[in-house]
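Trainee: First the structure, which I've put down as C-alpha cells, then a few questions once you've had a look.
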Amino acid sequence: MSFATLIGADAITPDMLIVDCSFDLGDPEAGRRAFAQGHITGAHYLHLDADLSAPPKGTNGRHPLPDPDVFAATMRGIGLHKGQQVVAYDAQGGPYAARLWWLLRWAGHDKVAVLDGGLQAWTGPLEGGTSDAVPGDFTASGPALATVDADAVLANIASPKFLVVDARTAERWRGEANPMDPVAGHIPGSTNRFFKDNLQADGRFKPAEQLAAEWGAVLGDAAPKDSVMQCGSGVTACHNLLAMEVAGLCGAALYPGSWSEWIADPERPVAREI
C-alpha cells in the first residue's frame, strides 16, 4: 500500500524508510540530541538547516530550498530507493516532517507520508545512537510542485491573482513584536491560518472533512490552485500544504522564501493589524 499524506503508526513496515526530522528553531541541535537518545527503530535523522535547506545568503530567507540534486544525494545517503515508501516524523506537531514530505514530492518522489501524531503517537520500541545506511538509488526528477518567488508575490499585491496564506501565529501575522523577525507584520493582502490549527488536541491531524470545511473558509472564493502558502521561512507553510492535501484541496503553491526573505528588502511593503 502506498501512503501519500498521513500514515498511522500501525501501518509502518520494515521496508519503509523512516526519517526523524525533529528540530527546535531556538536550539538547532536539540533534534539531533533527542534522536541520539531515542528514535523509532531504524530511523535516520535529517537536520532542517543542514539537510533540508540550502545555506541562507541573508536575502533568500532563513531556510532556502536545497538544490534538488544535493537533496537527492542526501536522500540516497540515508538509503532511499526509487519507489520506496518514506515516513517522516518529528516531535513538534509535524512542521519539520511536512517540510521533508513537501521536498520529496517537489523532487518527484510521491511515496512519502507524515506519521500522524508524530513521535508521540509511536508505541513501538525506540533505539538510541545513530543508524547505518546502505546508499540508495534515488534521483530527483522535479521540481514537480509549484512555487512562487518574491517578485510574483509583490506583483500580486497590486493585481491579485492568488491568495497568500500565512502559517505563522496570529500574533506574528498581526505584527506584534517577535524575536524571530526583525520586522513585524505580514505581506499586504495575505490572510492567516496558524499551522497548529490543523491538529487535534492529541497532535493528530483533524479529519479530512473538518479540514476541508475550515480550509474552505480560509480560501473563500479562491481555488486551491490559486493559493500560495507562506510562513516565516517556508517550513511551517508545508504543514498547511499537507493539511490541504489531506482535505482534498490540492494544487496550492509554496512561497519558499516567505516572511524572512520578504523583509530582507526594505522596499517591499509590510502590513500590520495592530
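The values are calculated or read from the model by the stated rules, or taken from the named source; none is laboratory data. This structure is a prediction, so every number in the text was calculated from the model and none was measured. Every residue, glycine as well, gets a Cβ built from its backbone with ideal geometry; the counts of neighbours run over all protein chains shown. With ligands, DNA and RNA removed, areas are computed over all heavy atoms of the protein, side chains included. Shrake-Rupley method; radii C 1.70, N 1.55, O 1.52, S 1.80 Å.
Trainee: Calculate how many DSSP beta bridges within region 150-264 are antiparallel, expressed in % of all such bridges and rounded to the nearest 5. Numbers along the way, then the final one.
Mentor: Details: 1 of 9 bridges.
Percent antiparallel among DSSP bridges in region 150-264 is about 10.
Trainee: According to the Kirkwood expression over distinct Cα-Cα pairs, how big is the hydrodynamic radius of region 201-274, in Å?
Mentor: Working: mean 1/r = 0.0737 Å⁻¹.
With all distinct Cα pairs of region 201-274 included, I get 13.6 Å.
Trainee: Any idea how far the Cα center of region 32-71 sits from the one of region 204-270, in Å?
Mentor: 21
Trainee: Report the label-to-label distance for VAL134 and ALA4 in nanometres (one decimal), using points 7 Å from each Cα along the Cα→Cβ vector.
Mentor: Spacing of the two 7 Å Cα→Cβ label points: 3.0 nm.
Trainee: Pull up all non-local amide H partners of PHE205: gap of 5 or more, or a different chain, and H-to-H distance under 5 Å with H placed in the peptide plane.
Mentor: For PHE205, whose amide H was placed from the backbone, the distant partners under 5 Å are GLY117, GLN200.
Trainee: Tell me which residues come under 5 Å, amide H to amide H, from HIS44 once H is placed; ignore anything under 5 positions away on its chain.
Mentor: ILE18, VAL19, ASP20
Trainee: Give me the 1.4 Å probe accessible area per residue for the chain, excluding ligands and nucleic acids, in Å².
Mentor: On the way: 11670 Å² over 274 residues.
Value returned for the chain: 43 Å² of accessible area per residue.
Trainee: Treating the beta-carbon of each Lys and Arg as +1 and of each Asp and Glu as -1, no other charges, what is the dipole magnitude of the chain about its Cα centre, to the nearest 20 debye?
Mentor: On the way: 20 positive and 33 negative charges, 46 e Å.
Computed charge dipole of the chain: roughly 220 debye.
Trainee: Further question: Pull out a ≥ b ≥ c, the square roots of the eigenvalues of the alpha-carbon gyration tensor of region 6-127, then state rounded if a/c is under 1.5, prolate if not and a/b is larger than b/c, and oblate in the remaining case. Mind dumping the intermediate values first?
Mentor: Details: a/c = 1.84, a/b = 1.26, b/c = 1.46.
Oblate, because a/c is 1.5 or more while a/b does not exceed b/c.
Trainee: Under 1.5 on a/c is rounded, so check that first for region 90-206, then, if it is not, pick prolate when a/b is larger than b/c and oblate when it is not; a ≥ b ≥ c are the square roots of the alpha carbon gyration tensor eigenvalues.
Mentor: Numbers: a/c = 2.38, a/b = 1.44, b/c = 1.66.
The shape class here is oblate.
Trainee: How large is the translational diffusion coefficient of the chain in µm² per second when you combine the Kirkwood radius over alpha carbon pairs with Stokes-Einstein at 25 °C and 0.890 mPa s?
Mentor: Values: Rh = 18.8 Å.
Calculated translational D: 131 µm²/s.
Trainee: Tell me whether region 150-264 comes out rounded, prolate or oblate; compute the Cα gyration tensor, take square roots of the eigenvalues as a ≥ b ≥ c, and use a/c under 1.5 as the rounded threshold.
Mentor: Details: a/c = 2.02, a/b = 1.27, b/c = 1.59.
Oblate shape, in that a/c is at least 1.5 and b/c is the bigger or equal ratio.
Trainee: While we're here: Using the alpha-carbon centroid of each, what span in Å lies between region 90-124 and region 153-189?
Mentor: 26
Trainee: Once both labels are modelled 7 Å past Cα along the beta-carbon direction, what's the ASP202-LEU145 spacing in nm?
Mentor: Placing both labels 7 Å beyond Cα along the Cβ direction yields 2.6 nm.
Trainee: Here is a follow-up. Can you pull the percent of the chain's accessible area that's carbon plus sulfur, 1.4 Å probe, other chains left in place? Don't skip to the end; give the middle numbers.
Mentor: On the way: 6230 of 11670 Å².
Roughly 53 percent of what the probe reaches on the chain is carbon or sulfur.
Trainee: Sticking with this one: Count the lysine pairs in the chain whose Cα atoms sit under 27 Å apart, keeping only pairs 8 or more residues apart in sequence or on different chains.
Mentor: Going through the chain pair by pair, I get 9.
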